[in-house]
Amino acid sequence: GGEAHVEDYAFSFEGPFGSYDQMQLQRGLKIFTEVCASCHGLKYVPIRDLGALGYNEDQLFAYAEQFDVFDQELNDGDGDFRPARPADNFPAVTSAAAPDLSMMAKARAGFHGPYGLGINQFFKGIGGAEYIASLMAGYHEAPECAPEDFPGYYNTVFTVGGYPEECKNEEGAHTVPGSWIAMPPPLAGDDVEFDDGHSASLHHEAADVAAFLMWTAEPKMNQRKEAGFIGVFFLLILSVLLYLVNKRIWAPIK
Ligand code: HEM
């Protein structure tokens, strides 16, 4: 038996001082584009937002062109497909019955407990990105208890998929971690080639695509943290001023 294990990846964006690593987001985008986009949509993400990853306008137009979007205005209002522009969102992909990934990093948690207390989330973070990365690397050969024709792919991190009766004990408890997922293993390592020669091992690719999906789910994280610091800084100065004012007001009486 045992719990599904989500690895605690050390992402650059963790903690109060953490921020996105632009190069990692670019690598993640490349993996998403070349591997995941055939089945998964990113329908809530405007393509022009990729400017935050360091691309200029020409690059954004060139990138957008590879997607076809439906435009109701074309064909005298009957609508037609045309190549996407940066002002369009990434297409929604429904053909593979795969969930949209725009918000996935916030829709999943990697860390729970202990005992439902949520303390792990306090120290390690919610872990959506870690969950995605671990899911990519969580495929294993199906355990012997499973019938050979059991549908799906055995993944030790995915816990809500199909599970064969044969792998339960007398009390009905699971004897092997994870469950069977409908997604075939999308990454095997060396699925893409990075311009900067960065490693494309399965572990690195998993982390990079997960970081990219964290960015799609929370594109303003860096700005949010900065605003938080400015706020705290402002309150500190205000506290000092109020302290001095208070001293001064009460000086004649004390
Ligand atoms: C589900 C990520 C490529 C088909 C998912 C989920 C994630 C994900 C995070 C949700 C798991 C959950 O519900 O907890 C990715 C990434 C990919 C990728 C990062 C690229 C590296 C693909 C490809 C296909 C595909 C190429 C199609 C051949 C599916 C399907 C599901 C799914 C069908 C639903 C699985 C189920 O509920 O059993 N994927 N995916 N994915 N994906 Fe992918």
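Let's see how each residue does on (1) over 19 Å from the mean Cα position of the chain (by Cα); (2) more than 10 Å from the ligand (Cβ to nearest atom); (3) touching a residue at least 60 places away in the same chain (Cβ under 8 Å):
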{"site": "Gly77", "(1), (2), (3)": "yes, yes, no"}
{"site": "Met104", "(1), (2), (3)": "no, no, yes"}
{"site": "Ile132", "(1), (2), (3)": "no, no, yes"}
{"site": "Glu141", "(1), (2), (3)": "yes, yes, no"}
{"site": "Pro151", "(1), (2), (3)": "yes, no, no"}
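In summary, Ala211 fulfils each of the numbered conditions (1) more than 16 Å from the ligand (Cβ to nearest atom); (2) crowded, with 17+ Cβ neighbours inside 10 Å with the single exception of condition (1). From the list Gly197, Gly189, Gly178, the one residue that fits, being more than 10 Å from the ligand (Cβ to nearest atom), open to solvent by 50 Å² or more (accessible area, probe 1.4 Å) and on the phi > 0 side of the Ramachandran plot, is Gly197. Of all residues in the stretch 28-77, those that are modelled with pLDDT under 95, at negative phi and among the charged types (D, E, K, R) total 3.
Condition (residue is more than 19 Å from the chain's Cα centre (by Cα) and not β-branched (Val, Ile, Thr)) applied to the stretch 199-212: is it met by at least one residue? Checked against the condition, which is being more than 19 Å from the chain's Cα centre (by Cα) and not β-branched (Val, Ile, Thr), the stretch 199-212 yields at least one hit. Examine the stretch 5-15 for a residue that is under 22 Å from Pro186 (Cβ atoms), modelled with pLDDT under 95 and more than 15 Å from the chain's Cα centre (by Cα), and state whether such a residue exists. So far as the stretch 5-15 goes, yes, one or more of its residues are under 22 Å from Pro186 (Cβ atoms), modelled with pLDDT under 95 and more than 15 Å from the chain's Cα centre (by Cα). Candidates are the residues of the stretch 86-102 that are open to solvent by 60 Å² or more (accessible area, probe 1.4 Å) and under 15 Å from Ala182 (Cα atoms); the one that is farthest from the ligand (Cβ to nearest atom) is Thr94.
The values are calculated or read from the model by the stated rules, or taken from the named source; none is laboratory data. None of these values were measured; they are calculated from a predicted model. Don't worry about glycine lacking a Cβ; one is built from the backbone with ideal geometry, like all the others, and counts go over all protein chains shown. Each accessible area value is taken on the protein alone, full model and side chains, heavy atoms only, with ligands, DNA and RNA left out. Shrake-Rupley method; radii C 1.70, N 1.55, O 1.52, S 1.80 Å.
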